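What follows is a short report on a single structure.
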Amino acid sequence: MKMKFAAVAVALLSVACTGNYMEINTKPFTPGAEDLEHNGYATASFLKAIYGTVISPDVNTTQFTDCLLGGTQGGYFADSQNGWTNTISNYNPTNDWTRVFMYSDRIIPTLYANISQLKGVSQDPIILSIAEVVKVAAMNRITDTYGPIPYSAAGASGSVQVAYDSQEEVYKQMFAELNHAISVLKEHEGEAIPASNDPVYNGQADQWRKFANSLKLRMAMRVVYTQFKTEDGQGPKELAEAAVADGVMTSNADNAVITAVMFGKDGNPLRAACLYNQPKNCVTGGDTHAAADIICYMNGYKDPRREKYFTKSEWSEMEYVGMRRGIKIPALNTIGRKYSGVKFADASAPLCWMNAAEVAFLKAEAKAIFNFNMGGGDAQSFYEEGIRLSFEQWGVNGYDEYIKGNTPAQPYIDPNGGAETDKDNVLSKLGVAWNAGAKPAEMQERIITQKWIANWQLGNEAWADFRRTGFPRLLPATNNMSSVVNTKLGARRMPYPTEETTSNSENYQKAVELLKGADNMATRVWWDCNPEIK
């Protein structure tokens with residue numbers, strides 16, 4: 001894989017940025033005081049650094065968090081570098097692959113240090129509230145990966161060699177921070193900070209409030225199967241209903257998107273990571289290709305978004321065909337390259353944190369399955385609105401025909417002829433069209449499947465939904481290298497960094513106690529308690 005550091009480019013050309021990861025990334029993304037000419041520049045610099053902790057502009061970091069972890073476990077991406085023998089997809093990853101969310105200096109240390117410094121140069125309530133919302137967006141991905149994490153004790157430096165909070169406690173603190181930010185942003189309705197400080201919403205307080213409420217709705221649905229209560233006694237129902245009542249995303253103009261101004265020289269970091277080690281004259285990609293799972297669904301549905309999501313395959317008989325995750329990976333230069341790749345318009349293609357389509361699907365599930373008050377509209381109208389918004393977001397036509405479709409997902413047949421990869425290859429028997437008379441499980445499967453398609457590339461969100469609901473139905477790994485992971489259930493979490501067992505041993509042991517299970521990929525996080533998932 002191409003490295004951004006010349007000294008190690010040749011040595012690591014044909015492998016992921018796994019070995020020496022922490023030695024490579026040893027320059028925290030924090031501007032030095034000597035470079036800050038005045039508070040306005042300092043504020044913009046600190047905010048930019050904070051934004052970069054949700055999906056990192058650093059290609060190496062994003063490859064691990066969003067390609068090799070979220071992308072594969074969410075059913076979007078497949079590892080296509082056959083030099084890899086230890087992968088998350090095969091449930092035998094090395095520590096270098098699983099520790100990044102907690103140990104990369106580009107995430108927790110960058111986040112906490114820059115928030116601390118931001119508070120030293122700005123007392124603007126809108127600015128500080130934006131930082132609070134982004135902190136929750138970033139840390140939510142981390143706690144959902146591991147379970148208990150260092151949160152309240154991390155301090156200004158973002159050190160992780162401190163005490164852990166239970167995941168339930170982390171969620172309590174995150175909801176409190178979101179509620180505080182939402183109340184402050186509401187007080188400043190109609191106001192804005194300089195647009196130059198904010199590449200997400202051009203400084204508009206109202207837009208940040210919509211995002212904060214949408215994030216609150218997402219998190220409320222995440223904990224819906226628990227007995228969760230905030231400090232003031234609010235449960236998932238009250239939290240979800242309050243978020244919608246105060247105002248969530250309703251149009252694609254509300255989408256939380258990071259643009260090219262945030263990227264480094266390689267452009268969109270997800271795109272750059274997918275293209276690492278791209279064979280000569282190949283247009284499908286390198287280390288990462290599109291997964292069979294999502295292409296099977298979209299082929300079955302004749303989904304017009306395929307041309308926006310995927311590059312066409314090099315298999316003459318199949319226009320779009322994904323690679324099955326968790327297999328013995330074929331040689332990239334000869335076979336792997338033939339599978340469809342992950343498509344990006346160009347290096348400046350934006351990165352999305354959350355979209356309005358997801359919010360519509362969240363409302364559909366809340367209404368259909370849990371009978372929450374989601375405002376005007378029923379489950380079907382929210383469901384179909386989610387599809388319409390996604391079609392609009394990706395600039396495709398055919399919505400009216402699509403929502404009437406009854407064809408199921410396409411069974412997976414590997415064009416490479418591997419009989420083992422075709423095992424358990426039937427996914428879902430459901431079509432797209434809403435069925436008002438369906439049982440709750442069918443309604444939920446239909447909603448989550450369409451939400452999953454609309455959330456393309458947001459792999460960590462897809463993985464969380466799969467663990468929480470069991471949907472969408474995904475192809476199990478055929479090359480399971482773990483003695484503890486059930487391939488049909490998949491990975492339920494990532495193990496803590498090995499270094500924690502020695503450098504933070506006492507706190508690590510307490511974290512495992514909070515986890516209430518072994519520190520491995522089969523143990524469920526706190527909110528992963530749906531009684532139907534066995």
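Relative contact order (percent) for the chain, with alpha-carbon contacts under 8 angstrom and 6 or more residues of separation?
19 percent
Before rounding to the nearest 500, sum -39500 (n - 2.57) across all DSSP H runs of length at least 4 in the chain and divide by the residue total; then give [θ] at 222 nm in deg cm²/dmol.
Helix contribution divided over all residues of the chain: -12000 deg cm²/dmol.
Of the accessible area of the chain, with the probe set at 1.4 angstrom, what percent is carbon plus sulfur?
50 percent
Could you run the Karplus curve 6.51 cos²θ - 1.76 cosθ + 1.60 with θ = phi - 60° over the stretch 520-525 and give me ³J(HN,Hα) per residue in whole Hz, x for Gly and Pro?
9, 7, 8, 6, 8, 6
Would you calculate the separation in nanometres between label points at residue 196 and residue 333, each defined as 7 Å from the Cα along the Cα-to-beta-carbon direction?
5.0 nm
Taking loop as defined by DSSP and a crowding limit of 14 other beta carbons within 10 Å, which trypsin sites (Lys or Arg not before Pro) in the stretch 417-480 fit?
423, 429
For the pair residue 242 and residue 345, what calculated FRET efficiency results from E = 1/(1 + (r/R0)^6), where r is the Cβ-Cβ distance and R0 = 41 Å, to the nearest 0.05?
Values: r = 37 Å, r/R0 = 0.90.
Between residue 345 and residue 242 the formula returns 0.65.
If the viscosity is 1.306 mPa s and the temperature 10 °C, what Stokes-Einstein diffusion coefficient in µm²/s follows for the stretch 381-442 when Rh is the Kirkwood radius over Cα pairs?
The estimated diffusion coefficient comes to 113 µm²/s.
Which shape class, rounded, prolate or oblate, goes with the stretch 326-422 when its Cα gyration tensor gives a ≥ b ≥ c as root eigenvalues, a/c under 1.5 marks rounded, and past that a/b bigger than b/c marks prolate?
The shape class here is prolate.
Can you give me the long-range amide H partners of residue 342? Hydrogens built in the peptide plane at 1.01 Å from N, cutoff under 5 Å, separation of 5 or more residues or another chain.
Those qualifying (amide H under 5 Å, at least 5 residues apart or on another chain) are 290, 311.
Kindly provide log₁₀ I(q)/I(0) values, in the same order as q = 0.12, 0.24 Å⁻¹, from the Debye equation applied to equal alpha-carbon scatterers of the stretch 185-273.
These q points yield log10 I(q)/I(0) values of -0.51, -1.10.
Work out the length of the dipole vector of the stretch 476-534 about its Cα centre, built from +1 on the beta-carbon of each Lys and Arg and -1 on the beta-carbon of each Asp and Glu, and round it to the nearest 20 debye.
Using Cβ point charges on Lys, Arg, Asp and Glu, the stretch 476-534 gives about 320 debye.
Measuring from centroid to centroid over Cα atoms, what is the spacing of the stretch 148-188 and the stretch 270-331 in Å?
38 Å
Can you work out D for the stretch 236-286 in µm² s⁻¹ from Stokes-Einstein, where Rh is the Kirkwood radius over C-alpha pairs, the temperature is 37 °C and the viscosity is 0.692 mPa s? Mind dumping the intermediate values first?
On the way: Rh = 14.6 Å.
Stokes-Einstein gives a translational diffusion coefficient of 224 µm²/s.
Looking at 171, 138, 126, which one has the Cα that reaches farthest to the positive end of the dipole of the stretch 123-180 (charges on Cβ: Lys, Arg +1; Asp, Glu -1)?
138
Quote the charge dipole size of the chain about the Cα centre in Debye, to the nearest 20; the model charges only the Cβ of Lys and Arg (+1) and of Asp and Glu (-1). Mind dumping the intermediate values first?
Numbers: 51 positive and 59 negative charges, 257 e Å.
In debye, rounded to 20, the chain gives about 1240.
At 10 °C and a viscosity of 1.306 mPa s, what translational diffusion coefficient does Stokes-Einstein give for the stretch 30-183, taking Rh as the Kirkwood radius over Cα pairs? Give it in µm²/s as a whole number.
Using the Kirkwood radius from Cα pairs, D works out to 96 µm²/s.
Counting only heavy atoms of protein chains, what accessible area per residue, in Å², does the stretch 194-306 have with a probe of 1.4 Å?
On a per-residue basis, 32 Å².
Could you list log10 I(q)/I(0) for the stretch 276-380 at q = 0.24 Å⁻¹, which the Debye formula gives when each Cα is one point scatterer?
With no solvent term, the Cα-only Debye profile gives -1.26.
Tell me whether the stretch 112-205 comes out rounded, prolate or oblate; compute the Cα gyration tensor, take square roots of the eigenvalues as a ≥ b ≥ c, and use a/c under 1.5 as the rounded threshold.
prolate
Considering amide H positions built from the backbone, and no H for Pro or chain starts, which residues 5 or more places from residue 485, or on another chain, come under 5 Å of its amide H?
The list, which skips near neighbours in sequence, is empty: none.
Can you compute the modelled spin-label distance between residue 312 and residue 116, with each label point 7 Å from Cα toward Cβ, in nm?
5.4 nm
Pick out the long, greasy-scoring helices in the chain: whole DSSP H runs spanning 24 Å or more along their own axis by Cα, mean Kyte-Doolittle at least 0.0.
125-146
Please give the peptides 44-50, 215-221 ranked by average Cβ packing (other Cβ atoms within 10 Å per residue), highest first, as a rough proxy for protection.
Highest mean packing first, the order is 215-221, 44-50.
With θ taken as phi - 60° and the coefficients 6.51, -1.76 and 1.60, list the Karplus ³J(HN,Hα) couplings across the stretch 91-101 in order, rounded to whole Hz; mark glycine and proline as x.
Residue by residue, the stretch 91-101 yields 6, 9, x, 7, 4, 4, 7, 9, 8, 4, 3 Hz.
Starting from the Cα gyration tensor of the chain, take the square roots of the eigenvalues, sort them a ≥ b ≥ c, and report rounded, prolate or oblate (rounded when a/c is under 1.5, otherwise prolate if a/b is larger than b/c, else oblate). Don't skip to the answer; put the middle values down first.
On the way: a/c = 1.37, a/b = 1.13, b/c = 1.22.
In terms of gyration-tensor shape, rounded.
Around residue 471, under 11 Å between beta carbons, what's the net of Lys plus Arg minus Asp minus Glu among the other residues?
My count for the surroundings of residue 471 gives 0.
Across bins of 10 angstrom width beginning at 0, how are the C-alpha pair distances of the stretch 58-121 distributed, in whole percent?
Over the stretch 58-121, the share of Cα pairs per 10 Å bin runs 19, 44, 22, 11, 4 percent.
When every alpha-carbon pair in the stretch 426-501 is counted, what percent end up more than 20 Å apart? Don't skip to the end; give the middle numbers.
Numbers: 1235 of 2850 pairs.
Within the stretch 426-501, distances greater than 20 Å cover 43 percent of Cα pairs.
What is the dipole size for the stretch 240-341, taken about its Cα centre, with +1 at each Lys and Arg Cβ and -1 at each Asp and Glu Cβ, in debye to the nearest 20?
580 debye
Using only the C-alpha atoms of the stretch 383-517, find the volume of their convex hull and express it per residue in Å³.
About 180 Å³ per residue, rounded to a whole number.
Quick check: net charge around residue 290, other residues with Cβ under 15 Å of its Cβ, Lys/Arg +1 and Asp/Glu -1?
Local net charge: +1.
Separation between the residue 435 and residue 302 pseudo-spin-labels, each 7 Å from Cα along Cα→Cβ, expressed in nm?
2.1 nm
Which order do the peptides 487-493, 273-279 come out in when sorted by mean C-beta neighbours inside 10 angstrom, highest first?
273-279, 487-493
Using per-residue counts of other Cβ atoms within 10 Å, averaged over each peptide, order 375-385, 157-167 from highest down.
In decreasing order of mean packing, 375-385, 157-167 become 157-167, 375-385.
The values are calculated or read from the model by the stated rules, or taken from the named source; none is laboratory data. Predicted, not measured: the structure shown is a model, and the values here were computed from it. Don't worry about glycine lacking a Cβ; one is built from the backbone with ideal geometry, like all the others, and counts go over all protein chains shown. Calculation scope for accessible area: heavy atoms of the full protein, side chains included, ligands and nucleic acids excluded. Shrake-Rupley method; radii C 1.70, N 1.55, O 1.52, S 1.80 Å.
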